[in-house]
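Worksheet: one structure, shown below.
The values are calculated or read from the model by the stated rules, or taken from the named source; none is laboratory data. Note that the structure is a prediction, hence the values are computed from the model and not measured. All Cβ positions, even for glycine, are placed from backbone atoms using ideal geometry, and neighbour counts span all protein chains on display.
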Amino acid sequence: MNYQKVLEEIQEEIQPYLKKGKVADYIPALANVKKNDFAMSIIDLDLNEYHVGSSQKEFSIQSISKVFTFTLALQNYSKELYKRVGHEPSGNAFNSLIQLEYENGIPRNPFINAGAVVTTDSLLSIYKETTFDYILQFIRSISDNKKITFDKDVYTSELKHGYRNLALVNMMKSFNNIENLTSSVIETYFKQCSIKMSTAELSKAMLFLANHGVNPINDEVLINEQKAKRINSLMLTCGHYDASGDFAYRVGLPGKSGVGGGIVAVVPKKLAICVYAPRLNKQGNSLAGTKALELFTSKTGLSIF
Ligand code: GLU
C-alpha cells in the first residue's frame, strides 16, 4: 500500500478540521503552540517510515506517557497491580474525582490520570529516586533517540497549576493506594507528561505494541505477548477517556491520546501511527487527530474490525 500517498490525501482533507476545537490551556504552558499545526507519521514493522507535516517537531506527549509507564509497571508486576488499578473504561473525564471516591481510591484504569498516578507510584516503589530517569531511558531506547527529554516550562506550569491532580493523589493516599510521598509521585508524573517528542519519534516508540511486545528495531522482548495484548486492549477501551467508545467506533484501532494534541495508534502485526494537531475536542482528545485516524482506517481498511 502507498502509505505516503494516503498520508498526503489525509493532510489535504484534514485542513478544515485544523481550525476546530480548542488548545488545552489549563496547563498554561501548553497553550504556547502553533494552534493549526498538523503532523502524521507511520512506521511499519520493516521500519519503513512515512511522514507529512511537521513530523520532526517535538510536542508535549502528556498522557501518551501513560502507555510507556504502564508497560514498565507490567514488566515488574502482574496481578497484584490490578488490585490497585482496574481495567474498565471510566465513562468520566480524565481527571475526575467523583468515581475515585465512591470506588475507594481504586482508579478504573491506568489511562485516566488517577490510574497513571498509581502506575507511577508502583514504579517509584521499585526505582526510587531514579524512576524518572528510568522512564526516560526506556522511551529513548524504544524510540532509538538518546536526545529525548522533558520540557521544563511545561513541567513547572503543571506543578504550579496541578491542583486537581494533587487532589487525586491525596484522595488515593487517604485510601492507602499510594505507597510513596505524594510530592515525589506527582513530580514524577508531571515530568513524564512533559516529555516532548515528535510524531516520527512517537510512532517508532509504539512499534513494539504492533509486534507482540517485541521491539522490531533490535528484537528485544519488551513485554510478553499476553501483556502486550492487554495494553492494546486497554488502549482500545480506555485510551480516550469518556470518548473511548467514540474513538473505537470511528477509528477501530487501539490508541492513546494526550492533551498536548498527540494521538498514537497501532495496527497489530503491521504498523504504528502518530498524529499531532493541538486543538482538542470536549473530551480532551485531538479533534483533527481523531478525524485523521478515521480517514486513515477508512482509506486503507486497516482497522482491527
Ligand atoms: N498532564 C496532564 C494532566 O495530568 C495529562 C492529561 C492528558 O494528557 O490527558 O492533567
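Would you say LYS22 is among the basic types (Lys, Arg) and within 16 Å of the ligand (Cβ to nearest atom)?
When the stated conditions are applied, LYS22 passes them.
Being modelled with pLDDT under 95 and either surrounded by fewer than 22 Cβ atoms within 10 Å (Cβ to Cβ) or within 23 Å of LEU236 (Cβ to Cβ) (or both) is the requirement here; does GLN99 meet it?
Considered against the rule, which asks whether it is modelled with pLDDT under 95 and either surrounded by fewer than 22 Cβ atoms within 10 Å (Cβ to Cβ) or within 23 Å of LEU236 (Cβ to Cβ) (or both), GLN99 comes out as yes.
Just checking, which of SER198, SER194 is more than 24 Å from GLY105 (Cβ to Cβ), away from the ligand (no atom under 12 Å from the Cβ) and in contact with a Ser or Thr (Cβ under 8 Å, 6 or more places away or on another chain)?
SER198
For the structure I just gave you, tell me whether SER143 is in contact (Cβ under 8 Å) with a residue 24 or more places away in the chain, more than 18 Å from GLU187 (Cα to Cα), surrounded by 15 or more Cβ atoms within 10 Å (Cβ to Cβ) and of a type outside the set (A, V, I, L, M).
When the stated conditions are applied, SER143 passes them.
Checking SER65 against (1) away from the ligand (no atom under 16 Å from the Cβ); (2) in contact (Cβ under 8 Å) with a residue 40 or more places away in the chain; (3) under 23 Å from LEU234 (Cβ atoms), which test does it fail?
(1)
Can you pull out every residue in region 27-62 that is within 16 Å of the ligand (Cβ to nearest atom), surrounded by fewer than 22 Cβ atoms within 10 Å (Cβ to Cβ) and under 29 Å from HIS212 (Cβ atoms)?
If the condition is that a residue be within 16 Å of the ligand (Cβ to nearest atom), surrounded by fewer than 22 Cβ atoms within 10 Å (Cβ to Cβ) and under 29 Å from HIS212 (Cβ atoms), then GLU58 is the only one that fits.
Of all helices (runs of 4 or more DSSP H) completely enclosed by region 151-214, which ones contain at least 2 residues that are surrounded by fewer than 21 Cβ atoms within 10 Å (Cβ to Cβ) and in contact (Cβ under 8 Å) with a residue 12 or more places away in the chain?
Output list reads 152-161, 163-174, 182-193.
With the structure loaded, tell me whether ALA228 is without any contact (Cβ under 8 Å) to a residue 24 or more places away in the chain and either buried (at least 23 other Cβ atoms within 10 Å of the Cβ) or not in a helix (DSSP H, G or I) (or both) or whether it fails that test.
yes
Identify, by number, the condition in (1) in a helix (DSSP H, G or I); (2) surrounded by 21 or more Cβ atoms within 10 Å (Cβ to Cβ) that TYR82 doesn't meet.
(2)
To keep it simple, each residue is scored yes or no on (1) farther than 17 Å from ALA205 by Cα; (2) at pLDDT 95 or above; (3) surrounded by fewer than 24 Cβ atoms within 10 Å (Cβ to Cβ).
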| site | (1), (2), (3) |
| --- | --- |
| PHE247 | yes, yes, no |
| GLY258 | no, yes, no |
| VAL267 | no, yes, yes |
| LEU271 | no, yes, no |
| CYS274 | no, yes, no |
| ARG279 | yes, yes, yes |
| ASN285 | yes, yes, no |
| THR297 | yes, yes, yes |
| THR300 | yes, yes, yes |
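So how many residues does region 71-107 have that are touching a Cys at 6+ places or on another chain (Cβ under 8 Å) and under 20 Å from LEU166 (Cα atoms)?
Looking only at that region, the number is 1.
Quick one: is ILE106 out of contact with any His (no Cβ under 8 Å at 6 or more places or on another chain), touching a residue at least 24 places away in the same chain (Cβ under 8 Å) and assigned to a helix (DSSP H, G or I)?
no
Can you name every one of the strands (runs of 3 or more DSSP E) wholly within region 251-292 that holds 2 or more residues which are touching a helix residue (DSSP H, G or I) at 6+ places or on another chain (Cβ under 7 Å) and within 14 Å of the ligand (Cβ to nearest atom)?
255-257, 262-267
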